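The structure under discussion appears below in the form of structure tokens.
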Amino acid sequence: KLQPGNRGNWIKKSRYSWELHNGKIPKDCTIIHLDSDKSNFDIDNLCCIPKTFCGLLAQNNWFSGSKEKTLAAIKWCELNYAMKISK
């Protein structure tokens with residue numbers, strides 16, 4: 001029996017939608033809404049990114065209402081981490 005406040009086996013709709021189309025999400029990753037609209041669960045609006053990217057995106061105010069700008073910011077994060085690893 002579920003207690004008040006106990007979510008039991010519930011998961012976020014964005015996570016459920018992503019896993020339905022793409023499989024399990026790695027533990028070090030999270031799902032974001034590319035257009036920052038938390039009610040838009042279109043699979044093309046969801047993106048699985050490393051949790052470490054979230055800090056960079058937030059710090060630089062790169063979460064955008066534009067999918068294209070958010071995707072460009074994610075690519076910058078990918079390049080930034082790749083450059084750090086190759087040093």
Q: Can you sort 70, 30, 52 by 1.4 Å-probe accessible area, starting with the largest?
A: 52, 30, 70
**Q.** Net charge over other residues, Cβ less than 14 angstrom from the Cβ of residue 77 (K, R count +1; D, E count -1)
**A.** +2
**Q.** Nearest 10 degrees, 0 to 90: helix 67-86 Cα axis against the chain principal axis
**A.** 70 degrees
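Which order do 11, 31, 85 take when ranked by solvent-accessible area (1.4 Å probe, heavy atoms of all protein chains), largest first? Don't skip to the end; give the middle numbers.
Details: 11 75, 31 25, 85 140 Å².
Ranking 11, 31, 85 by accessible area, largest first, yields 85, 11, 31.
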Q | Expected 222 nm ellipticity per residue - DSSP helices of 4 or more, -39500 (n - 2.57), all of the chain, to 500 | A | -14000 deg cm²/dmol
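The values are calculated or read from the model by the stated rules, or taken from the named source; none is laboratory data. Quick caveat: nothing in here was measured; it's all calculated off a predicted structure. When we count neighbours, we look across all protein chains shown, and the Cβ atoms used for this are built from the backbone with ideal geometry, even at glycine. For accessibility, only protein heavy atoms count, side chains too; no ligands or nucleic acids. Shrake-Rupley method; radii C 1.70, N 1.55, O 1.52, S 1.80 Å.
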